[in-house]
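Report on one structure; see the data block that follows.
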Amino acid sequence: MRLSDVAAIDAERFRRVMGNYPTGVAIVTTMTADNPIGMVVGSFTSVSLDPPLVAFLPDKSSSTYRRMGTPQRFVVNVLSSEHEALCRQFASKAVTDKWSGVPWRPSRSGAPILEAAVAWVECSLHTVYDGGDHDIVLGRVVSLDTGSPAMPLLFFQGGYGRFSPLSLMAPAEGDLLKHVRIANIVRPTMERLAADLGVECVAQCVVNDELASIANASPPGRVLAPSRVGARLPFVPPYGSLYVAWADPAAIDRWVGKVTRSHGISRERLMESLERVRQRGWSLGLVADVHPEVDEALAELARGDDNRDTQRRLISLMQEVGDLFEPEDLDTTTSHHVRSLGAPVFGPDGAVELALKLYDFPDALTYQQVMTYQARLVEAARDASDLVAGALGKAAVLSTPKVVMEPSRKEQSHHGRHERGHASPG
Ligand SMILES: Cc1cc2nc3c(=O)[nH]c(=O)nc-3n(C[C@H](O)[C@H](O)[C@H](O)COP(=O)(O)O)c2cc1C
C-alpha cells in the first residue's frame, strides 16, 4: 500500500471497517476530588501477565477523559449484557448525572467498582503512550475479581449484543450429519403425516446457531416450489422455542438474551411462551402481516444473498411476529390462520434433536381443526422419538410431554413494535 492510499482513508470508512471487529464494553472509573467519574471504552485489553498490565485507549479530545486528568488509580469495570442501558447512560453527552441510581463501592484505592460489573480490574497508572488522536493508557493491575455471573455486553457494527457459546447453543457443522440421519429415521413418519393431513411436514434442527430445515414430506401429488429444505432462520426469539423449552436454564437464558427490551419483546413474555410450549407439548405460529416480507427475506438468504442487512431485517421482522408466536389459548368460536405447528422429537438423552413442523394449512381453521392437526402431529413426534431412541440403541429417558390446551375465549394481546438504538464508539 502506498502512502497516498493511507492518507485517503476517511473516518467513515475507517470506523465501518473497524466495526467488524467486536469488542467488549467496559467503564473506566476513577475519583476526582469527591466525585466519581466514568468513561465507556471498547478499547480495554489485557496486555501483559508479568508484570500484570492492561490498557485502554481514550480519545484525547474526550471531555470525560480530560476531567479524569491522568488517573493515577482507576478501575476497569466489564459490563454485562444486562447493562446496555447503563452503558448508554455513561456514553451519552446529554446525561448530566451519570451516576444517578448506579450502585458502586470504592476499591482499595477509592476508584468505583460498579455492582453491575461481570469483572473488575483495579490499576495504578503505569505509562501513557501517544497513539495519534488517542492515548494508550497502560495500567498495572493491583487487584481484580469477577462480579455478577452474567454474559458480557458486546459491541459490533454500531450495535450491542451478547455472546452465545456455539458449543452449547448449536452443534458443530459435523452434527448436521447426525440430524440428517435422525431425519432419515423419521422420514416414513413424516410422509404418513403429510399424506394423512394434506399439509407439508418439515424436519428442522439447530445447526450453527440457525434453524435449518433438513428434510420435508409433502402430500402425494403436491409439488412444492420452492422447497423449504435448505431454508435457514436465525435461532432468535420468538423462533426456536421448541429447542429451548426443555433445555437447561443457561440455554434458555442465552436464547432469551438474544433479544432485549429494545426489540419489543420482554423477557417475561418469552418465558411465558416457553412455559406454554412445555405445558402444551407443541408449538404454534399464527399468520402475521409481516410474513410476506419474512418469506422474501428467507428467499434472499436461500438464494445465497447472505448479507447481514437481510439477516438484520429478518430478525427485526421476526420480532414483529411477537404474540402470534406461541399465542395464548385459542378462541374456540372464531377461525384461525395458522402458519406453522411444531412438535419436538427427543433423542435418547432427553434433548430435543429435531422438530417436526407442519406448514401450508388451509386458509382459515376452526379451533377443532387446529386441535386435530396438533394431536396428530404430537402423536407422530412421539412415535418419531421412540424410533430415534430405538435406532440409536437406547431407551428414551424423557417421556414426551402431555398435551394440554385448555380452550378459552381470551383475546390475543397485541404484539410490541420493534425499535433499535445505536451508539458509536469514540
Ligand atoms: C461501546 C462504546 C465504546 C467506546 N469506546 C471508547 C474508547 O475506547 N475510547 C474512547 O475514547 N471513547 C470510547 N467511547 C466513547 C466514550 O465513551 C464517550 O461516549 C465519549 O467520550 C463521550 O464524549 P465526552 O467524553 O466528550 O462526553 C465508546 C463509546 C461506546 C458506546
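The values are calculated or read from the model by the stated rules, or taken from the named source; none is laboratory data. In this text the structure is predicted, and so the values were computed from the model without any measurement. Quick reminder, even Gly has a Cβ in these numbers, built from the backbone with ideal geometry, and neighbours come from all protein chains shown.
Considering only the range 54-63, I want to know if a residue exists there that is outside the structural domain of GLY257 (by TED's automatic domain parsing), within 14 Å of the ligand (Cβ to nearest atom), crowded, with 21+ Cβ neighbours inside 10 Å and not in a strand (DSSP E or B).
yes
Among the residues of the range 36-53, how many are polar (S, T, N, Q) and away from the ligand (no atom under 15 Å from the Cβ)? Before you say what the answer is, go through the steps one by one.
Let us first name the residues in the range 36-53 that are polar (S, T, N, Q), namely 43, 45-46, 48.
Those still in the list that are away from the ligand (no atom under 15 Å from the Cβ) too: 48.
Of the residues in that region, 1 qualify.
Output yes when any residue across the range 131-143 is out of contact with any Pro (no Cβ under 8 Å at 6 or more places or on another chain), more than 15 Å from the ligand (Cβ to nearest atom) and assigned to a strand (DSSP E or B), and no when none is.
Yes, the range 131-143 contains at least one residue that is out of contact with any Pro (no Cβ under 8 Å at 6 or more places or on another chain), more than 15 Å from the ligand (Cβ to nearest atom) and assigned to a strand (DSSP E or B).
Any residue at all in the range 81-97 that's touching a Phe, Trp or Tyr at 6+ places or on another chain (Cβ under 6 Å) and modelled with pLDDT of 95 or more?
At the first step, the residues of the range 81-97 found to be touching a Phe, Trp or Tyr at 6+ places or on another chain (Cβ under 6 Å) are 84.
Now narrow it down to the ones that are modelled with pLDDT of 95 or more: none.
The answer is no, given that none of the residues of the range 81-97 is touching a Phe, Trp or Tyr at 6+ places or on another chain (Cβ under 6 Å) and modelled with pLDDT of 95 or more.
Residues of the range 22-35 being away from the ligand (no atom under 15 Å from the Cβ) and aliphatic (A, V, I, L, M), which ones?
Passing the criteria: MET31, ALA33.
Quick check: anything in the range 18-32 in contact with a Cys (Cβ under 6 Å, 6 or more places away or on another chain), of a type in the set (Val, Ile, Thr) and surrounded by 10 or more Cβ atoms within 10 Å (Cβ to Cβ)?
Scanning the range 18-32 turns up at least one residue that is in contact with a Cys (Cβ under 6 Å, 6 or more places away or on another chain), of a type in the set (Val, Ile, Thr) and surrounded by 10 or more Cβ atoms within 10 Å (Cβ to Cβ).
Those residues that are surrounded by 13 or more Cβ atoms within 10 Å (Cβ to Cβ), more than 35 Å from the chain's Cα centre (by Cα) and farther than 17 Å from THR30 by Cβ, I need them from the range 121-135; list them, please.
The one that is surrounded by 13 or more Cβ atoms within 10 Å (Cβ to Cβ), more than 35 Å from the chain's Cα centre (by Cα) and farther than 17 Å from THR30 by Cβ: GLY131.
Write out, first by first residue and then by second, each pair whose Cβ atoms fall under 7 Å of each other, whose residues are 6+ apart or on separate chains, and whose first residue, in the range 326-342, is more than 10 Å from LEU284 (Cβ to Cβ) and not assigned by TED's automatic domain parsing to the domain that holds TYR239 while the second is exposed (fewer than 15 other Cβ atoms within 10 Å of the Cβ) and of a type in the set (Lys, Arg).
No pair meets every condition.
Out of the range 73-97, which residues are of a type in the set (Gly, Ala, Ser), over 26 Å from VAL128 (Cβ atoms) and surrounded by 15 or more Cβ atoms within 10 Å (Cβ to Cβ)?
SER80, SER81
Report whether or not GLY19 is farther than 19 Å from SER107 by Cα and within 11 Å of the ligand (Cβ to nearest atom).
yes
Out of the range 64-85, which residues are within 10 Å of the ligand (Cβ to nearest atom) and in contact (Cβ under 8 Å) with a residue 24 or more places away in the chain?
Within the range 64-85, THR64, TYR65, ARG67, MET68, LEU79, GLU84 qualify.
Condition first: of a type in the set (Val, Ile, Thr) and closer than 11 Å to VAL206 by Cβ. Now tell me which residues in the range 227-245 satisfy that. Reasoning before the result, please.
Step one: of the range 227-245, the residues of a type in the set (Val, Ile, Thr) are 229, 236, 244.
The one that is of a type in the set (Val, Ile, Thr) and closer than 11 Å to VAL206 by Cβ: VAL244.
Considering every residue within the range 149-160, establish whether at least one is closer than 21 Å to ASP34 by Cα, out of contact with any helix residue (DSSP H, G or I) (no Cβ under 8 Å at 6 or more places or on another chain) and assigned by TED's automatic domain parsing to the domain that holds ALA11.
Looking through the range 149-160, none of the residues is closer than 21 Å to ASP34 by Cα, out of contact with any helix residue (DSSP H, G or I) (no Cβ under 8 Å at 6 or more places or on another chain) and assigned by TED's automatic domain parsing to the domain that holds ALA11.
If I filter the range 376-389 for residues that are over 27 Å from the mean Cα position of the chain (by Cα), part of a helix (DSSP H, G or I) and loosely packed, with under 15 Cβ neighbours inside 10 Å, do I get at least one hit?
Checked against the condition, which is being over 27 Å from the mean Cα position of the chain (by Cα), part of a helix (DSSP H, G or I) and loosely packed, with under 15 Cβ neighbours inside 10 Å, the range 376-389 yields no hits at all.
For the range 158-177, give me the residue count where each residue is exposed (fewer than 15 other Cβ atoms within 10 Å of the Cβ) and either over 14 Å from the mean Cα position of the chain (by Cα) or modelled with pLDDT of 80 or more (or both).
Of the residues in that region, 6 qualify.
May I ask you to verify whether ARG88 is outside any strand (DSSP E or B), under 26 Å from the mean Cα position of the chain (by Cα) and within 12 Å of the ligand (Cβ to nearest atom)?
Judged against the criteria, ARG88 is a match.
Scan the range 98-120 for residues that are buried (at least 18 other Cβ atoms within 10 Å of the Cβ) and more than 28 Å from the chain's Cα centre (by Cα) and jot them down.
Across the range 98-120, the qualifying residues are LYS98, TRP104, SER107, ALA111, PRO112, ILE113.
Quick grid of which residues meet (1) at pLDDT 75 or above; (2) within 19 Å of ALA355 (Cβ to Cβ); (3) within 19 Å of the chain's Cα centre (by Cα):
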position	(1), (2), (3)
GLY304	no, no, no
GLN319	no, no, yes
GLY322	no, no, yes
THR334	yes, no, no
